[in-house]
1. Ordered by residue, what ³J(HN,Hα) values in Hz, to whole numbers, does region 236-250 give under the Karplus form 6.51 cos²θ - 1.76 cosθ + 1.60, where θ = phi - 60° and Gly and Pro are x?
2. Could you give me the ³J(HN,Hα) list for region 157-168, computed from phi with Karplus coefficients 6.51, -1.76, 1.60 and θ = phi - 60°, whole Hz, x at Gly and Pro?
3. Please list, ordered by chain and number, the residues whose modelled amide H lies under 5 Å from the amide H of Q73; skip anything fewer than 5 residues away on the same chain.
4. Using modelled backbone amide H atoms (1.01 Å from N, in-plane), which distant-in-sequence or interchain residues come within less than 5 Å of L145's amide H?
5. Per residue of region 189-201, what does 6.51 cos²θ - 1.76 cosθ + 1.60 with θ = phi - 60° give for ³J(HN,Hα)? Whole Hz please, x for Gly and Pro, Karplus curve as stated.
6. Show the residues, 5+ positions off or on another chain, whose built amide H is closer than 5 Å to the amide H of K188.
7. Enter the accessible area per residue of region 154-255 (Å², integer; probe 1.4 Å; all protein chains in place).
8. Report the extension gain between R232 and R184 in nm, rounded to one decimal, defined as 0.36 nm multiplied by the number of residues separating them, less their alpha carbon distance.
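The values are calculated or read from the model by the stated rules, or taken from the named source; none is laboratory data. Please read these numbers as outputs of a predicted model, since none were measured by experiment. When we count neighbours, we look across all protein chains shown, and the Cβ atoms used for this are built from the backbone with ideal geometry, even at glycine. Ligands, DNA and RNA are excluded from the accessible area calculation, which covers all protein heavy atoms including side chains. Shrake-Rupley method; radii C 1.70, N 1.55, O 1.52, S 1.80 Å.
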Amino acid sequence: MFVILIAISCFSCSRHQIAPVVDKSFNPQQKPSTHRVAPGDTLFSIAWRYGLKYEDLAAHNGISPPYMIKPSQIIKLDLARSTQQVNKVVASTARTSSVVPPSSNKKTVVNDRKENKTKLSSETKLSLSSGGAPQWNWPANGPILSSFQGNNGLNKGIDLGGKLGEPVLAAASGQVVYAGSGLRGYGKLLIIKHNETFLSAYAHNDKLLVQEGDWVKVGQRIADMGSSGTDRVKLHFEIRREGTPVNPLTYLPRR
């Protein structure tokens with residue numbers, strides 16, 4: 001009877017404990033050699049998951065801009081085996097893969113997200129076409145809940161507190177290259193490409209207000225804060241430099 005009571009007690013405890021999801025990206029030491037494309041995957045999300053530079057991944061697999069892939073396609077991840085080939089293809093496609101703001105005569109899909117139809121200034125166009133660090137702003141006003149733990153740590157960015165539905169803002173101008181919930185541990189996720197060097201991610205959102213292909217401006221509201229894929233309301237924010245996670249606090253302005 002004593003053993004049964006202990007078992008029941010342990011079962012009851014396990015039902016009420018929620019383990020936080022901390023799988024923010026794939027462990028580089030456990031990276032497989034290939035990835036089979038699943039519905040909803042994009043080249044950007046695959047590169048993000050494995051901590052790779054998307055241009056290198058595209059070149060290694062012979063994928064040209066705009067980097068279209070399809071379900072069940074096999075993506076080779078062993079970039080180190082063809083470094084010379086990768087560098088050659090990247091150099092030849094760099095001009096066509098640069099982030100260039102949309103032309104003024106491009107047709108815009110009519111929807112109710114008027115805030116997404118922004119005109120980019122000449123300064124913004126210059127920063128998007130270069131590889132330098134953009135002017136970063138804080139993506140949310142809440143306190144820092146957890147800090148960056150390094151490229152090999154569990155937390156590849158920082159977590160900011162807040163309330164359900166509070167605004168999540170674009171930390172810099174750029175183009176949305178991923179909007180979805182296909183990456184384990186991120187919930188509803190947005191990835192923004194700022195230039196050929198920098199990308200940023202916004203995870204655990206309750207509602208996404210932009211979609212892939214949208215151009216956003218620094219400070220623009222892009223999502224509502226939520227708790228998708230985690231155990232509490234918060235924003236998980238990452239900056240990647242050439243595919244590698246970096247500490248956002250070294251780029252964000254001092255509060």
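1. Working through the residues one at a time gives 9, 10, 10, 10, 10, 10, 6, x, 9, x, 10, 6, x, 5, 7 Hz.
2. Ordered by residue, 3J(HN,Hα) equals x, 10, 10, 10, x, x, 10, 4, x, 5, x, 10 Hz.
3. For Q73, the qualifying residues are V37.
4. D159, L160, G161
5. 10, 10, 10, 10, 8, 9, 6, 6, 10, 10, 10, 9, 10
6. HN-HN under 5 Å from K188: H204, N205, S228.
7. Heavy-atom SASA per residue in region 154-255 reads 35 Å².
8. Working: separation 48, 0.36 × 48 = 17.28 nm, distance 1.60 nm.
Value of the extension gain: 15.7 nm.
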